[in-house]
Amino acid sequence: MAAAGVGFAVVASRTGERTRPAATATNGKIAFATSVSGQWQIVTVNANGTVMTPLTDLPTDQFHPAWSPDGTRIAFDAQGEGMQIDIMDVDGSNLQTLTEGPGWNYLPAWSPDGASIAFVSNRDGNDEIYVMNADGSGQKRLTADADEDLSPSWSPNGTRIAFQSNRDGRNRIYVMNPDGSGVIRLTDSEGFDPAWSAYDAWIAFASTKDGNPEIYVMNVDSSKEIRLTHDTSHDWNPIWSPDRSKIAFESDRDGDVGIYVMNSDGTDLHQLLDTGAQACCQAWQPMAAGEMSATPSDGPSASEPVATDDPPKAAEPTPFVPDPTIEDGSARLDVTWPDGSAATLVYPAELDLESRGIQPDVSYLWADDPPSTHPIVFLHGPPGVEVEYVEGEPRAALPLPGGGEAALWAASESQFTRHRDIRWWVVYRTDSWAILASLQQESSADVLAGSLSVSESETGFPSVMASGPLALAEGFGESEGPVLTLGDANAVPDVVSGLLDGTVFLSPDGCSGGPEFDPEHLDYYGSNCLGEGSVFASIYGDPAFIRSVLQGIRVEYFSPPSA
């Protein structure tokens, strides 16, 4: 956490205690603070941990670098008369001080348009969040609470600021408007160090909800939380790579406080580099910096082969993009949900809802253990798209009641399988999909294969039918019933690509009421009940997109699943 980053790093230096490369084809440099010279200073490294370049050489300690959105400037805080926020060019030149006076001014965070910098200051007594113009003018206070407000992080469209506060007795994560209004609490359990991803509405954060500080991610309404790290040490202060494929964070898992990098699903966790000293407060350079975010010349380029012990990937999942019928400015798309429900979806063609992909999701349950749901993963693409989820060779061929076979595979070690306690997958194939039904006990594989059948509609949508001891989950959201996500090109379960770019979740579970959209409360979310109470639509995006969907989308010819 930012506050913990100060505590772990600065306090350690005051007491005298000592406190594998990642891909860099599209992500920029990483700036951070390190005590390698005996004094905390700001440095940068390539995203693969090579070529450390010092940027500051000041007589006091410096922390918490923050890149401008165009990747050409860095704001940071420096000790002096209290703590002040400075700004410099990416090469360390043109140093300017933006704040002044006694007290601490620290934890700068640029707005997405580069016009403003949010920061924390105790100038009025306790830590509160302020905002100023990027030149230091127009400083004003956003929060006014008797307890600490820390770690501001802007949403990708600049309409929200996430932050941590202990105003309710312990640190939790909140969001507010850029003027300080509309404060909403996101987490009920302990949460700190929020970091909004660059292109959608996922927030990484740290939490002690399961004991020691670990890294989690959640969507913006906090309805889904996924734990990414599992270690007895302390992990905190996560940040996203610009392409959202990786997360860097601080940890003391190897003794000293250092910076670690992992994939955004928690896999391939490794130390960024070993400076021989403490390191903290990392920030990732935006891709808008152009050539500065290219692969460094001393590392492998995106086109060069890289030696690896990992098995080759057989195939990558591809977005499922069906073709609607366009007539008189309206798109008509015949859709099928994973439970076999079907309907015709009608919407203005200009919305182009299908073009970024449609992702189905559903879970199943055992009749003798109804509270527990087990995910079914739908991967669109040719045979081999399941390679990231399985390991070794198929353990058994499983005959299917209607003919053909499924295959039993051991689950690969990934964050998703650890999070859901998945040990095995029963893998089915249709013409266009690999369908993976999760399993905890190998001995249940034959029963599952005999009770779960799969099919694909004429328009390419997959569906599943459960019988005997199995049933499909029902309900929306955490209930894990059937859903189609329009605008999702990501096949990873629980992860939606570009949520705020315009995403519609459609659930055939039934609903009541009409359109709901309150921009004064949440201007990125709306909902509607479609098809005469048959389909619930949950809509994320900017206000214009939400209004267009609310006004233009409808469901015709809804039919429930066949018995």
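May I ask you to verify whether residue 165 is under 15 Å from residue 128 (Cβ atoms) and crowded, with 24+ Cβ neighbours inside 10 Å?
Values: under 15 Å from residue 128 (Cβ atoms): yes; crowded, with 24+ Cβ neighbours inside 10 Å: yes.
In short, yes.
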(message) Please count how many residues of the stretch 459-473 are within 19 Å of residue 359 (Cβ to Cβ) and surrounded by fewer than 17 Cβ atoms within 10 Å (Cβ to Cβ).
(response) 1
(message) Being surrounded by 18 or more Cβ atoms within 10 Å (Cβ to Cβ) and out of contact with any helix residue (DSSP H, G or I) (no Cβ under 8 Å at 6 or more places or on another chain) is the filter here; which residues of the stretch 207-219 pass it?
(response) 207, 214, 215, 216, 217, 218
(request) Test each condition in (1) within 27 Å of the chain's Cα centre (by Cα); (2) within 15 Å of residue 375 (Cα to Cα); (3) of a type outside the set (D, E, K, R) for residue 452 and report the one that comes out false. (result) (1)
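Among the residues of the stretch 514-563 satisfying the criterion of being in a strand (DSSP E or B) and among the polar types (S, T, N, Q), which is farthest from residue 356 (Cα to Cα)?
If we filter the stretch 514-563 for residues that are in a strand (DSSP E or B), which is where we start, we get 516-517, 525-530, 535-540, 554-559.
Applying the additional criterion that residues be among the polar types (S, T, N, Q) yields 527-528, 538, 559.
Details: 527: 20, 528: 21, 538: 17, 559: 26 Å.
In this case the residue turns out to be 559.
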(message) Among the residues that make up the stretch 138-149, is at least one of them surrounded by fewer than 19 Cβ atoms within 10 Å (Cβ to Cβ), assigned to a strand (DSSP E or B) and in contact with a strand residue (DSSP E or B) (Cβ under 8 Å, 6 or more places away or on another chain)?
(response) yes
(message) Please go through the stretch 516-547 and give me each residue that is more than 23 Å from residue 175 (Cβ to Cβ) and surrounded by fewer than 18 Cβ atoms within 10 Å (Cβ to Cβ), ordered by number.
(response) 532, 533
(message) Being crowded, with 17+ Cβ neighbours inside 10 Å and under 20 Å from residue 128 (Cβ atoms): is that true of residue 62 here?
(response) no
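Condition check ((1) of a type outside the set (Val, Ile, Thr); (2) under 12 Å from the mean Cα position of the chain (by Cα); (3) outside the structural domain of residue 197 (by TED's automatic domain parsing)) across all residues:
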{"site": "225", "(1), (2), (3)": "yes, yes, no"}
{"site": "229", "(1), (2), (3)": "no, no, no"}
{"site": "232", "(1), (2), (3)": "no, no, no"}
{"site": "239", "(1), (2), (3)": "no, yes, no"}
{"site": "242", "(1), (2), (3)": "yes, yes, no"}
{"site": "249", "(1), (2), (3)": "yes, no, no"}
{"site": "256", "(1), (2), (3)": "yes, no, no"}
{"site": "271", "(1), (2), (3)": "yes, no, no"}
(request) Output yes when any residue across the stretch 350-357 is out of contact with any Ser or Thr (no Cβ under 9 Å at 6 or more places or on another chain) and part of a strand (DSSP E or B), and no when none is. (result) no
(request) Looking at (1) closer than 22 Å to residue 539 by Cα; (2) touching a Lys or Arg at 6+ places or on another chain (Cβ under 7 Å), find the lone condition where residue 217 falls short. (result) (2)
(message) With the requirement that a residue be part of a strand (DSSP E or B) and over 23 Å from residue 219 (Cα atoms), what does the stretch 235-263 give you?
(response) 251, 252, 253, 254, 256, 257, 258, 259
(request) With respect to residue 92, determine if the residue is surrounded by 15 or more Cβ atoms within 10 Å (Cβ to Cβ), part of a loop (DSSP other than H, G, I, E, B) and touching a helix residue (DSSP H, G or I) at 6+ places or on another chain (Cβ under 9 Å). (result) no
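The values are calculated or read from the model by the stated rules, or taken from the named source; none is laboratory data. The model shown is predicted, which means the values in this text are computed figures rather than measured ones. All Cβ positions, glycine included, derive from the backbone under ideal geometry; neighbour counts span all protein chains shown.
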